[in-house]
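Below: the structure, in structure tokens.
Every number here is computed from the coordinates shown, using simple stated rules; none is lab data. Small disclaimer: the values here were computed from a predicted structure and weren't measured. Glycine gets a Cβ as well: all are built from the backbone with ideal geometry, and neighbour counts include every protein chain shown.
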Amino acid sequence: MARKSFSEVATELRQLIDDGAFQRFERLPPSRKLAEDMGVARNTLRDAFYQLEKEGLLKTRAGSGTYVTAVEQERVPAAVEDATPLELIDARFALEPHICRLCVLHGRREDFELLEILCQTMEGAVDNPVAFAEADTAFHRALSASTRNNLLIWLIGQINTVRSLDEWTRMRHLTLDEQIIRHYNAQHREVLNALRSREPERAAVKMKEHLETARHSLMRAAEA
């Protein structure tokens, strides 16, 4: 059996929190037991915790444990539930280039370290569209988290909700082949390189190019 990546573990934990298996303010089981229950190494669980802390879902307190900090899941708004994949891309066009600019202004070393880990995860998933899509979603979540702007973080969270809906899943199966994943990986890497070199406008341009590629891919799939 293939080992789970930390982004897959983060996805499982996120779903458990959303489903109410872990309640707000509840302390998670000790990491040794939780890692054993999930069938993963403790360092993989640690990286998953780190990702979810960046998203505001968990908080680790030294000497005490890791606690759920997420608010109770709200009903998915109709505008989100009824959104098409193309509407998702258009909404991201309006937000994510500027999120890149804010990442340059407010991003910290740990933000860039997480983005690097997620880039490497995506680069290792060229033959696994599901794993790639999970890491891709996490990459864009991490970008929004780096802004320290709670409203933007919430908005991107709402937009990303579309990715879990049936229509998006169907389009993902139609569009994500090895060639397009490699193309997306190169674009993600260009975005991260621009962020690291503190070039906000180049990062914004590279993000626009990435989203334009995704939009063309979706349009071709919709017309097929």
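Cβ-Cβ distance of ASP18 and HIS173, R₀ of 22 Å, FRET efficiency by 1/(1 + (r/R0)^6): the value works out to about 0.45. Taking the number of other C-beta atoms within 10 Å as the exposure measure, put LYS208, LYS4 in order starting with the fewest. Fewest-to-most ranking of LYS208, LYS4: LYS208, LYS4. Rounded, prolate or oblate: which fits the stretch 100-161, taking a ≥ b ≥ c as square roots of the Cα gyration tensor eigenvalues, rounded meaning a/c under 1.5, else prolate when a/b beats b/c? Here the stretch 100-161 falls in the oblate category.
With contacts taken as Cα pairs under 8 Å at a separation of at least 6 residues, the chain carries a relative contact order of 23 percent. Most tightly packed first, judged by the mean number of other beta-carbon atoms within 10 Å of their residues, the peptides 20-29, 145-154 read 145-154, 20-29. Packing order of peptides 116-125, 211-220, highest average first: 116-125, 211-220 (average count of other Cβ atoms within 10 Å over each peptide's residues). The stretch 184-220 and the stretch 15-50 have Cα centres spaced 32 Å apart.
Between helix 109-123 and the chain there is an angle of about 70 degrees, using the helix long axis and the longest principal axis of the Cα atoms. Rounded to the nearest 0.05, what FRET efficiency is calculated for GLU113 and MET219 with R0 set to 41 Å and r the Cβ-Cβ distance? After rounding, the FRET efficiency stands at 0.70. The C-alpha atoms of the chain define a longest principal axis, and helix 6-19 lies at about 70 degrees to it.
Around the Cα centre of the chain, unit charges on the Cβ atoms of Lys, Arg, Asp and Glu (plus for the first two, minus for the last two) sum to a dipole of about 860 debye.
Quick check on the stretch 6-68: take the gyration tensor over C-alpha atoms, sort the square-rooted eigenvalues as a ≥ b ≥ c, and tell me if it's rounded (a/c under 1.5), prolate or oblate. Cα axes put the stretch 6-68 in the rounded bin. In the elastic network of the chain, a GNM with C-alpha springs shorter than 10 Å, the most mobile of ASP47, ASP19, ASP127 is ASP19. Taking each of LYS4/LYS206; LYS33/LYS59; LYS4/LYS208; LYS59/LYS206 in turn, the alpha-carbon distance tops 27 angstrom for LYS4/LYS206; LYS4/LYS208; LYS59/LYS206. Only helical runs count toward this figure. For the chain, summing -39,500 (n - 2.57) over DSSP H runs of n ≥ 4 and dividing by all residues gives -23000 deg cm²/dmol at 222 nm.
Comparing SER144, SER64, SER31 in a Gaussian network model of the chain, where Cα atoms under 10 Å apart are tied by springs, the biggest mean-square fluctuation is seen for SER64.
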